[in-house]
1. Being within 25 Å of the chain's Cα centre (by Cα) and surrounded by fewer than 18 Cβ atoms within 10 Å (Cβ to Cβ) is the filter here; which residues of segment B:372-395 pass it?
2. So, in segment B:219-243, exactly how many residues are among the hydroxyl-bearing types (Ser, Thr, Tyr) and under 23 Å from residue B:267 (Cβ atoms)?
3. Check segment A:344-363 and report whether any residue there is hydroxyl-bearing (Ser, Thr, Tyr) and surrounded by fewer than 18 Cβ atoms within 10 Å (Cβ to Cβ).
4. Exactly one of these conditions fails for residue A:245: (1) of a type in the set (A, V, I, L, M, F, W, C); (2) surrounded by 19 or more Cβ atoms within 10 Å (Cβ to Cβ); (3) out of contact with any strand residue (DSSP E or B) (no Cβ under 9 Å at 6 or more places or on another chain). Give me its number.
5. Quick check on this structure: which one of A:322, A:294 is within 14 Å of chain B (Cβ to nearest Cβ) and surrounded by fewer than 17 Cβ atoms within 10 Å (Cβ to Cβ)?
6. Would you check which residues across segment B:229-284 are aromatic (Phe, Trp, Tyr) and part of a helix (DSSP H, G or I) and list them?
7. Can you pull out every residue in segment B:674-700 that is under 17 Å from residue A:262 (Cα atoms) and hydrophobic (A, V, I, L, M, F, W, C)?
8. Mind checking which pairs have a first residue in segment B:687-702 that is on the phi > 0 side of the Ramachandran plot and a second that is surrounded by fewer than 23 Cβ atoms within 10 Å (Cβ to Cβ) and part of a helix (DSSP H, G or I), Cβ under 6 Å, 6 or more apart or different chains?
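The values are calculated or read from the model by the stated rules, or taken from the named source; none is laboratory data. As the structure is a computational prediction, the values presented were derived from the model and not from experiment. Counting neighbours? That spans all protein chains shown, and the Cβs are built from the backbone with ideal geometry, glycine included.
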Amino acid sequence: MGLGTKMKVDLCIIFVSIALLSSPVFSDLIISKVDRRIDLTSHIVRITSTIKVENEGNEPVSDFVVAFPDKQSKHLAFLSANHNEGKGKKKSHGASLPVKSVQSEGMPKSLTSYSISLLKKLVKGESLTLEVLAVFAHFLKPFPEEVSQGDFQLVVFQDSAYYLSPYAVRVQTVIVKLPDARVESYTKLENSKAQGSEIKYGPYENQSPFSYSPIVVHFEYNKPYAVAQKLVREIEISHWGNVQITEHYNLVHGGAVLKGEFSRLDHQMTSHTKGASAFSRLLAKLPPRAHSVYFRDEIGNISTSNLRSDLKKTELEIEPRYPLLGGWKTFFTFGYGLPLKDYLFEAEEKRFVDISFGSPIDELVVDELVVKVVLPEGSSDLSVSVPFSVEQLEETKLSHLDISGRPVVVLRKTNAVPEHNQHFQVYYKFNCLSLLREPLMLISGFFFLFVACIAYSHADFSISKSSASYLAKLQWDEVLSIIQQLENIINRCLTIHEKLEASLSELSRTGNVQACKAARKAADSLLKELSKELKPLLTTLQSSPQAAQIFPKVEELVAKERELQERLITKHSIVVDCYEKKVSGREIENRVAPHQQKITALKHEVDDLLEYMDEI
Amino acid sequence: MAETETANGSSLRNAFGNVLAVFILILIGVLAFSIRLFSVIKYESVIHEFDPYFNYRVTQFLTKNGIYDFWNWFDDRTWYPLGRVIGGTVYPGLTLTAGTMWWLLHSVNIPLSVETVCVFTAPVFSAFASWATYLLTKEVKGPGAGLTAALLLGMVPSYISRSVAGSYDNEAVAIFALIYTFYLYIKTLNTGSLFYATLNAIAYFYMVCSWGGYTFIINLIPMHVLLCIVTGRYSHRLYIAYAPLVVLGTLLAALVPVVGFNAVLTSEHFASFLVFIILHVVALVYYIKGILSPQMFKVAVTLVVTGGLAVCFAVAAVLVALVASSPTMGWSGRSLSLLDPTYASKYIPIIASVSEHQPPTWPSYFMDINVLAFLVPAGIIACFSPLSDASSFVVLYIVMSVYFSGVMVRLMLVLAPAACIMSGIALSEAFDIFTRSIKFQLPSLTETSPDEAGESSSGNAEIQNNVTKTDKNEDAQKERPLKKGKKKEKEASAKVSLKSRIEKRLLVLPFEASLIALFLTVLLGGFYVVHCVWAAAEAYSAPSIVLTSHTHDGLHVFDDFREAYAWLSHNTEVDDKVASWWDYGYQTTAMANRTVIVDNNTWNNTHIATVGTAMSSPEKAAWEIYNSLDVKYVLVVFGGLVGYPSDDINKFLWMVRIGGGEFPHIKEPDYLRDGQYRIDSQATPTMLNSLMYKLSYYRFVETDGKAYDRVRRTEIGKKHFKLTHFEEAFTSHHWMVRIYKLKAPKNRLRGKIKKSKSKTSSKRSSTAKRNPWQ
């Protein structure tokens, strides 16, 4: 481990120089006790410092400064401080205190400092306990940087054994918590000891401001080192009762890069013992009433996922298409719906959405997190309240049947960690009547379509109304309609003929002469009427020039029909006569026979003519 | 159920007129659309198979870059290092259609993704196709037959197989275009309207845009015209139907880049020009006949025939000489293999290697058109009574398509509409006769008391007449208001209905017989429906990119292809070249977005042969070939672990054959033991040392200790071996896709292996010195 010592020397030099530069500005405060717990069980490093502060100066102090070396501060993702009342085990967390980045004078250049504003000024002799949580992303460095599939992944953590502070520290301890007991190496100082998966440094007493003693822990880390290079969360609010959340992940395995072959065989056989840094599944904790969950990527559905849900939570176990080995990347999308009433509230005249900011996936670092809140079309007066600083933009999105587009609030945050999973609020004004806009638009659209159809079918689109061909067409239409009527009449005549025939057959069966005569009478009157109707039609047809060609045929048809009619009537009267005179059946047939022949011939002719008419 | 509905539709036409027909048509459209959604419901909304992925990619490009960039698109992601001019080598119809649909939807702010639009293009167009079938059959045999045919087409398995949701291929829109073109041709033929003739040319243009199968149209229609002329059915309507189609159609077809001057240069189009000339000669003869007296005409004929024949022979000789000067007689390979079914297997292995270019088996007819196969003859008979111009066309259509479908499985698709039209005609005629017979006899049964039934035979006939007359009466009354303005549309159907009315008076079957026959016909239709739904749900809806199997513990999904493609797309460099057999080319470019060497557009045989040669060569030679092509990854598909039969080992002989066709040092017999293809211990050493074998079976033995191949059902021949020039980069979950990386060329430090070892260790320490915190 030549590396460790060399580095230590480097760092020592740096911090000795820092110590020399330090000015007495901060010396009013003194830290009487610091306990730091460094949690390395996840690749997101969490350092919790419980700091007891005393004011020994005369001036009341309102700010407390915490400092990080630049190398740490560029990984610092989240910093929060709590005023810790109470004592011993019964700690009660007060409200978190405002933290802001400051560039204090007199601080060494390579330190970044943050100032915590205390709730009330700390006067002389008073003390209070602060709990400062600092969360770092990308802080564990894989070392070696490339491993082959079967190797374990080792990572390095580096910090100071002493609490780096502009204030003097009386007593301090550091506990480093590791995922398990497999430690490659760690810096051994006085008072340091490893105990199972914990390494303890301290207690150290009476350290001057800016004192620093580097420690390096090199240990095996086999949990998923999941980093989302970019995550776009789209939260779409529909006032019809749904909040649709869609999340697009660009995921990468941030650990040691795979060197050489990837063998599926080895992965399947020995992934639990060797090369355990590869991960194939992630757990997303969705809100309890999430529904219609899907999981896909740009080329389709990903079928490997599990959904468990109960009253308190919905757990989605997602498995990317392929296991992620060191340095491998993947992309996927998942989405789910949430009931609106859990997330939308009304306050005074405004409505607001109250929903969580970060990714639901466990222990995920997001390098660039973009949250888009899509509000319904017609929302106005947007304002956003986020508990930490974010970049904010507004845009519009055109979605189903939108006209003006939906307002979108875009929030951008770099280096997001699970601690950023806090609720944020988007306030806006929205009139419920706008909800009906799209259905009404559809209804009116269809309405006008049908109206247009009706109008079209009734309109005449010929270009010139006076042209010869148009007039001819009109006349021809007229002729056709007359011919239609004519045919109808003739058809009706034919039916009457049928009836007459039917009455005759009835007569032959029952011998009821009276009924037959009645039928004849009815038929006569009907036929008379029909021939009356026929006359005007024929005259109009005759006068029409368009009908000149057809007219002879029509005339012929009418004549034939008349003849047929006459024949039938004579036949009818003959038969009836015969029945009255009780002539034998054979005799009747003999008398009727010539008529019958003529009738059938005429019928055929009339049929043919009718067909001809039909074909016009 | 549905059949009775349409039958009802035709008989109730008098009562409800067009409204009911329109309603039924809408229902048919919905049915045609929804029966194709099984793939989405059972699997997911995803593009299927191979070619659709290419079309999808082209559509994506079109929607992103616009139409002008699309025409000029030179695709450098494929056929590396040659590239491919996409704009000039694709039939753009499908892409433009989907692109237009996407654009329309977006312009009304319905943000469907390109993928969704592509997935649902085929079902939408099959609804259109069934409507087009209605129109076509209506022109031929009236609306009843039209509705039946539309219903049959909406669910014919053969068509479903090419148009399920996700099957985004040219055929999806081309069948609609085909039927619609035929409809417009028949329409023009029936009306003699120049308006429809123009529309017909435009529909033909759309067909040319969509599919290479347009040559079917441009050969079938001339044949029909010729048939009409020969049978003495020449009329001015025929002239109007044909002449504008040839002139406008050819001009329009030449506008499509992929066709271009082929529209006048290749033999596929010559028939149409020849018939065009004949048609004019005939038209001229008829004209002269009209103005000359019979004697004069005879003289003129003898004069012209002697002179004309000489000219004709001269022209024909020139043509023949021109055509014969090209080696394939001016026919493309695919067309030649249609004319001579053995052509492809003799000369073009790459066409023969595609399974859909094989001739079909008898069961596939039953599978694909089912009961229609039995109804078609009845339909043909119905078309002959009476034979009109239109019905002779559909008869010709079915005869030709039966022949083509017998040559290539793929062309079963062209047969399907013809079979549906014929069966629609047959079924509707049958229904007409049966229901009419029942209807005639139903009143007589109720009116005449049963004991006098025997006596009243004459009365019976009269009553029938009575019924027909009143029927006619109603008919006429109802038709009157409709006639106005829509005469032309009505004309054909009126004519047909009248003719059939005459027949109906003659054709009256016994009551019981027609009742039973009706029942049986409905049963037949029911059987067809059941079969179609089964085919749609089970046989044709698998997307082939995702495989499923039912095991005792439920459904198991094999999603290996997408796993591998996703890995390629996210974990390799954008410019890396991936070599695989051409089957996977389209998918790799579309899903993984990586450059491939060959793909499913098999335009360059040599290039494919190069890849085939590499796959058949030993490792070192293969490495050299691939390295010369800048290949970084080699992708093979291996089904031995899970029993996926269409893997590369089973396609390997084609690689050898195609490779050997260009590079004679690859000899097929070297890979065969006594003429048998095997990979077990009896396999030839050439086989066992080929790259394909090695890449497929690398470390396979360690899975079960025996290396038992579940596809070939044998233990493999060579079990333990190491790769020298390739390294495994990725293997999918079920080992179905294996991706290998070409090892970097070795340094020329021979004999210094030990030293280099120490060097690497020193290298390591030097990297170790690097401070990880900086």
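1. Within segment B:372-395, B:373, B:374, B:377, B:380 meet the criteria.
2. Looking only at that region, the number is 1.
3. yes
4. Result: residue A:245 fails condition (3) only.
5. Of the residues listed, the single one that is within 14 Å of chain B (Cβ to nearest Cβ) and surrounded by fewer than 17 Cβ atoms within 10 Å (Cβ to Cβ) is A:294.
6. Within segment B:229-284, B:239, B:242, B:270, B:273, B:276 qualify.
7. Within segment B:674-700, B:695, B:700 qualify.
8. B:699/A:265
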